[in-house]
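The values are calculated or read from the model by the stated rules, or taken from the named source; none is laboratory data. Worth saying up front: this structure is predicted, and the values here are computed from it rather than measured. Because the Cβ atoms are built from the backbone with ideal geometry, glycine has one as well, and the counts that use them run over all protein chains shown.
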Amino acid sequence: MSSIKAGIDSRSLAAIAEPLAPTHGYNPTRVPNIRILRSETVLRDVPVLYKPGVVFVLQGRKQGLLDGEIYRYDAQHYLAVSVPVPFRMESDASPEHPLIAVYVDFDMALAAELAATVAGRQCEADMVPARSLTSSRMTPEIADVVRRLLRALGDPLEADVLGAGLMRELHYRVLVGPQGAAMIAALRQQGPSGRIVQSLVRLRETYGSSTTVAALAREAGMSVPSYHVHFKALTGSSPIQYVKSMRLHEARLMIARQDCSIAEIAARVGYASPAQFSRDFKRHFKRTASQEAQWMRHHLGEFV
């Protein structure tokens, strides 16, 4: 018990994590799907789109805003993402007190397997509506596995031998955590919200192609009004807004990686007009594409 209590001390977790993040921006680790962010800048009103997973802020503070609701993730709270949704983020940090955060992308096959197992033992999971984002208070059990995972990341042999097992335990701890039932409901893709999750998976795979809300609603087995209501309840936006945000965020990554020209990127993400793409991009990110690429490399590093 004493070791678990010690793991709740955010300063001890940050002390273990900070050497793993020597450079500004995202730092890769030896365990797939884990990266550690070091940020030394105050950020305000930044559009973000996280993959399904969990974010632990061990030092500093982050806050997300989606559809009027605030999601805190700081030394005492973690953010869990069951489906990718665009939201606005702000964070506090400084060179003297950098923000240190651990980003864990879910292994979706593993998450679905564990969600089915947990749901089979916990009847309340069937009564909780799905949620895209949840902000939960850090529990001793989750703090403990995060501590052990960070220590393993500091040793190449331990990372290779213990990493997969620790990742499995972390997935499990999140799914049985304070708001795990809402995540399980999304991962199991049951009921009306589950059909919206399935629709989001399809949109993720085909965001560069044209589609209509009527076609999406028909595939989900819903009327268009019902589809709109359930879609906004889960994502905080309309289907058209969601697709536009996804296209712009995907384009943002391509631009930062300098994959190809702006016109080619615009076409890849489904824009027929490069000029319309540039207007939408600047409206969403409040910077031109080239300015945003510079901003990302400065704040997020090369590992974006």
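Kindly indicate whether any position in segment 275-288 is aliphatic (A, V, I, L, M), assigned to a loop (DSSP other than H, G, I, E, B) and at pLDDT 95 or above. No - not one qualifying residue is present in segment 275-288. Among the residues making up segment 46-60, those that are surrounded by 17 or more Cβ atoms within 10 Å (Cβ to Cβ), in contact with an Asp or Glu (Cβ under 8 Å, 6 or more places away or on another chain), assigned to a strand (DSSP E or B) and on the phi < 0 side of the Ramachandran plot are V57, Q59. Summed over segment 132-174, residues that are farther than 16 Å from F56 by Cα and either buried (at least 21 other Cβ atoms within 10 Å of the Cβ) or not basic (K, R) (or both) total 14. For segment 189-207, does any single residue satisfy the condition of being more than 23 Å from V224 (Cα to Cα), surrounded by fewer than 19 Cβ atoms within 10 Å (Cβ to Cβ), charged (D, E, K, R) and touching a residue at least 40 places away in the same chain (Cβ under 8 Å)? So far as segment 189-207 goes, no, none of its residues is more than 23 Å from V224 (Cα to Cα), surrounded by fewer than 19 Cβ atoms within 10 Å (Cβ to Cβ), charged (D, E, K, R) and touching a residue at least 40 places away in the same chain (Cβ under 8 Å).
Looking across segment 67-83, the residues that are surrounded by fewer than 22 Cβ atoms within 10 Å (Cβ to Cβ) and within 20 Å of P178 (Cα to Cα) come down to E69, I70, Y71, R72, A75, Q76, H77.
As a summary of the residue check, L43 satisfies the conditions (1) out of contact with any helix residue (DSSP H, G or I) (no Cβ under 9 Å at 6 or more places or on another chain); (2) surrounded by fewer than 18 Cβ atoms within 10 Å (Cβ to Cβ) except for the one numbered (1). The conditions of being in a loop (DSSP other than H, G, I, E, B), acidic (D, E) and surrounded by fewer than 22 Cβ atoms within 10 Å (Cβ to Cβ) are not met by E90. Could you identify the single residue in V176, V213 that is over 28 Å from P47 (Cα atoms), at pLDDT 90 or above and of a type in the set (V, I, T)? Checking each option against the conditions leaves just V176. Filtering segment 233-243 to residues that are surrounded by fewer than 20 Cβ atoms within 10 Å (Cβ to Cβ) and part of a helix (DSSP H, G or I) leaves A233, I240, Q241. Does segment 269-285 hold any residues that are of a type in the set (G, A, S) and without any contact (Cβ under 8 Å) to a residue 24 or more places away in the chain, and which are they? A272, S273, A275, S278 - these are the residues of segment 269-285 that are of a type in the set (G, A, S) and without any contact (Cβ under 8 Å) to a residue 24 or more places away in the chain. When A266, A217 are checked against the criterion of being free of Cβ contacts under 8 Å to residues at least 60 places away in the same chain and within 25 Å of the chain's Cα centre (by Cα), A266 stands alone in meeting it. Do we have S94 as hydroxyl-bearing (S, T, Y) and under 26 Å from L203 (Cα atoms) here? In short, no.
Taking segment 12-30 as the range and being modelled with pLDDT under 95 and β-branched (V, I, T) as the test, only T23 passes.
Here's the yes/no breakdown for (1) of a type in the set (A, V, I, L, M, F, W, C); (2) in contact with a strand residue (DSSP E or B) (Cβ under 7 Å, 6 or more places away or on another chain); (3) assigned to a loop (DSSP other than H, G, I, E, B):
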site	(1), (2), (3)
Q63	no, yes, no
L79	yes, yes, no
P84	no, yes, yes
P95	no, no, yes
